[in-house]
Amino acid sequence: MTSCAEMKCTIADMNSQSPGAAAPNPHDLLILLAVARTGRFTTAAESLGLNHTTVSRRITALEKSLGGRTLARTVGGWELTDLGRRAVRAAEDVETAVATINEGEEEADQIAGVVRISATDGFSAFIIAPAVAQLRRKHPNLSVEIVNVTRRALQHRSGLDLEVVVGEPQVHRAEAIRLGYYMLGMYASRRYLEDFGTPASVAELSEHRLVYFVDSMLQVDDLDAPRRLVPGMLDSLSSTNVFVHVEATRAGAGIGFLPCFMAGRHPDLVRLLPEDFQERLPYWMVLRPDSLRQPAVAAVAEALRRRTAAVEDALLGREPLDY
């Protein structure tokens, strides 16, 4: 934990950037911290029990005392400036000091509060959910919010602590960590194969309909394998949700291109042409540079890394996925 002397040095260093600037109000620093974590004044205000106008006014007062802008508006919300990042480091120290007031001689549990994650459906259900459940057994004051999307990594992560994406991200001012790989393959239900026959080649597969992502809405180039490998295969049922892909395939809507770790859990699904369709794709975790300074975010990131490594064989379709 940072000492009071170190915290004073951090604030003094910020003030040294602007001669004559007054010492910042610690309460205003905590408001800035809330805005930095949510990316929006309104959301920060709700979390603090304030109104939007008060948050805006206190940020203005803080910037006046520091002698510069702490926030810059982006498409996704508010992002920290260099001065803002230094201010947030001081704010985190203030938050830590406040949290220990009622702890007596005991150290406060730093793995607490809300961590916001953006991730794909399958990863959220089978990696994030069990990883967080296990982490919360030791840290019950931790809360995790998940936004399910399948997209490229964002350039601006306002309101998000970390993202999990498919494919290597091309980002700036971010930490990108490869978590591991997973495998996708072609699957059909046993009843579908009884009714329509089992394709024995890629050419025969083209005679069947595909269950997969909505082509016009697919933002991840690495997920274009079916249209690249079997361009003549027409769509049957399309969805932005991979759980819909699995259930539609099980219901006989067509042949699905599915993550093996999800399809392998269902004995009524049969994998087709595994030598021709074994698309191995990486999961990457992306964080703002300052996010890993937050104990809760760092703990969640490590829990995801450990869980991904523990189920590597299942992700690659070598064995069934088991909790």
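Annotations
- Residue match in segment 229-238 (condition: in a helix (DSSP H, G or I) and not aliphatic (A, V, I, L, M)): no
- Residues (part of a strand (DSSP E or B) and not hydroxyl-bearing (Ser, Thr, Tyr)) located in segment 187-215: Ala188, Leu210, Val211
- Any helices (runs of 4 or more DSSP H) falling wholly within segment 260-323 and containing at least 2 residues that are within 17 Å of Ser118 (Cβ to Cβ): 295-310
- Reported count of residues in segment 41-55, each being out of contact with any helix residue (DSSP H, G or I) (no Cβ under 6 Å at 6 or more places or on another chain) and surrounded by fewer than 18 Cβ atoms within 10 Å (Cβ to Cβ), is 5.
- Residue match in segment 155-162 (condition: outside any helix (DSSP H, G or I) and surrounded by fewer than 16 Cβ atoms within 10 Å (Cβ to Cβ)): yes
- The single residue among Leu316, Leu272, Leu258, Leu237 that is under 26 Å from Gln170 (Cβ atoms) and surrounded by 15 or more Cβ atoms within 10 Å (Cβ to Cβ) turns out to be Leu316.
Taken together, the values in this text are just the output of simple stated rules run on the coordinates, not laboratory data. Everything quoted here is computed from the prediction, not taken from an experiment. Note: ideal-geometry Cβ built from the backbone for every residue, glycine included; neighbour counts use all protein chains shown.
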